[in-house]
Amino acid sequence: MRPYEATLVIQSKLDDEGVTGVVGRVEQLLKNKGGTIDASGQLVDRRGTVAEVTDGWRKRRLAYAIDSNREGYYAVLRFHAPPEALTELDYALKLNDDVLRFLILRVDD
């Protein structure tokens, strides 16, 4: 299994439970495909620091409007998964209306 990192921009109209639900569904999909979650949380600063969600999700201002949204939640997942799992993850994220944008990168050692 290879290491990956996925960054999601989630709609700001959701509350904490909604954002946690979106991230939880992504984690469950990866686990069902044989993947393991190393870390998941929210993006804290511009340097890429990821923090565990303890006091709730924080909205961040977007650089430009996406579907008339000026704010969003940035969620980051670091995981190991077989390459075949990424096809289904990509498809599921494209169909999810709560996910404005996403990026999945393979992390090299």
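Some points to look at:
- Taking label points 7 Å from Cα along the Cα-to-Cβ direction, Asp38 and Arg106 give a separation of 1.5 nm.
- Relative contact order for segment 13-53: 21 percent, from Cα pairs under 8 Å spaced at least 6 residues apart, divided by residue count.
- The Stokes-Einstein estimate for segment 35-99, based on a Kirkwood radius over Cα pairs and taken at 37 °C with 0.692 mPa s viscosity, is a diffusion coefficient of 241 µm²/s.
- Charge dipole (Cα centre; +1 on Lys/Arg Cβ, -1 on Asp/Glu Cβ; no other charges) of the chain amounts to roughly 320 debye.
- J(HN,Hα) series, segment 64-72, from Karplus relation 6.51 cos²θ - 1.76 cosθ + 1.60, nearest Hz, glycine and proline x: 8, 6, 10, 6, 6, 9, 9, 10, x
- The ranking of Ser68, Ser12 from fewest to most other beta carbons within 10 Å of each one's beta carbon is Ser68, Ser12.
- Principal-axis tilt of helix 83-95 within the chain, Cα atoms, nearest 10 degrees: 30 degrees
- 10 Å binning of all Cα-Cα separations within the chain, expressed as whole percents from 0 upward: 14, 50, 31, 5
Quick note: the coordinates plus some simple rules give every number you see, no bench work behind them. Computed from a predicted model, the values in this text were never measured in an experiment. Every residue, glycine among them, receives a Cβ derived from its backbone with ideal geometry; neighbour counts consider all protein chains shown.
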